[in-house]
Amino acid sequence: KTAQRTKGNKQVYYYCAAVFVLMLFYMVCAQNISSHIRNGGLADKPFLGMSLPVTTIAGIATAVQMAGGVIVGFFFGKISSKIHDYVMAVSMALLGIGMLILSLFPTTTILIFVGVFIAGMSISMMMPRCVYATSIYGDASNSALVTTFVTSLAPSVGSFLSPVLFTNLTTAIGGESTVFRYAFVGTAALCVAVIIAIATTVRVKRGTAICD
């Protein structure tokens, strides 16, 4: 029984770490979008026949990012039942692709919205999967603690450390450019997606991945 609990705890830590990593990357998208729009000169370009200020475009982009999460949330059950824990790798891949689109097309408003929409899809794939998995591996004696870790502590710490890590790192390497920041973090997110996919394959073979 003790061995089973230890094994379960390790899996809980794994899913909490996944949420932490997601938010570490995810917040880069949200925290830099206003600067990215300003740097791209989008406020000076008409969109749908209107010239919009940076704050308005950034607000729309934020709403579009949230919409990506909402729409995927409606289909999460079907997606998760098909690819199981691989949905976590897909989540990081979508986040990476979204940020690479932001980096490649900084002066095109509609593609900025496409990028943030795709990036926004990631959170509604990773979070519910990890919450579900920890509910499977957790037990009654620590259910409250496990829930707090996966839904509050892990994402909060990831969000807090995101600018500390990535803003300082990308500024040191490529300056204040948000184009470089999105390219760097997007590429790193794709690398993490590959790592998670490999880890999931190993866990499936060992029987420690959730396959439902």
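The values are calculated or read from the model by the stated rules, or taken from the named source; none is laboratory data. In this text the structure is predicted, and so the values were computed from the model without any measurement. FYI the Cβ positions are ideal-geometry reconstructions off the backbone, even for glycines, and counts take in every protein chain you see. The area values use the complete protein model at the heavy-atom level, side chains included, leaving out ligands, DNA and RNA. Shrake-Rupley method; radii C 1.70, N 1.55, O 1.52, S 1.80 Å.
Note on segment 126-212: along the principal axes its Cα atoms extend 48, 30, 16 Å, ordered by decreasing extent. Sequence-ordered 3J(HN,Hα) estimates for segment 159-173 from the Karplus curve with 6.51, -1.76 and 1.60 and θ = phi - 60° stand at 5, 5, 7, 3, x, 4, 7, 6, 5, 5, 5, 5, 5, 5, 8 Hz, glycine and proline given as x. Given an 8 Å cut-off on Cα distances and at least 6 residues of separation, report the relative contact order of the chain as a percent. Relative contact order, the chain: 34 percent. Taking each DSSP H run with n ≥ 4 as -39500 (n - 2.57) and averaging over every residue of the chain yields -26500 deg cm²/dmol at 222 nm. Build a GNM of the chain with springs between Cα atoms under 10 Å: which of Tyr14, Tyr26, Tyr86 gets the top mean-square fluctuation? The residue with the greatest mean-square fluctuation here is Tyr14.
Between Ser80, Ser124, Ser177, the residue with the greatest mean-square fluctuation in the GNM of the chain (Cα pairs under 10 Å linked by springs) is Ser177.
Kirkwood-type hydrodynamic radius, segment 26-161: 16.1 Å, calculated from all non-identical alpha-carbon pairs. Were the residues from Thr148 through Tyr132 laid out at 0.36 nm apart, the gain over their Cα-Cα distance would be 4.4 nm.
Build a GNM of the chain with springs between Cα atoms under 10 Å apart, and of Ile60, Ile37, Ile118 the one that fluctuates most is Ile60.
Between Thr55 and Thr108, the C-beta separation translates, for a Förster distance of 25 Å, into a calculated FRET efficiency of about 0.85. Taking only protein heavy atoms and a 1.4 Å probe, the accessible area of the chain is 71% carbon and sulfur. Probing with 1.4 Å while keeping every protein chain in the model, the per residue accessible area of the chain equals 48 Å².
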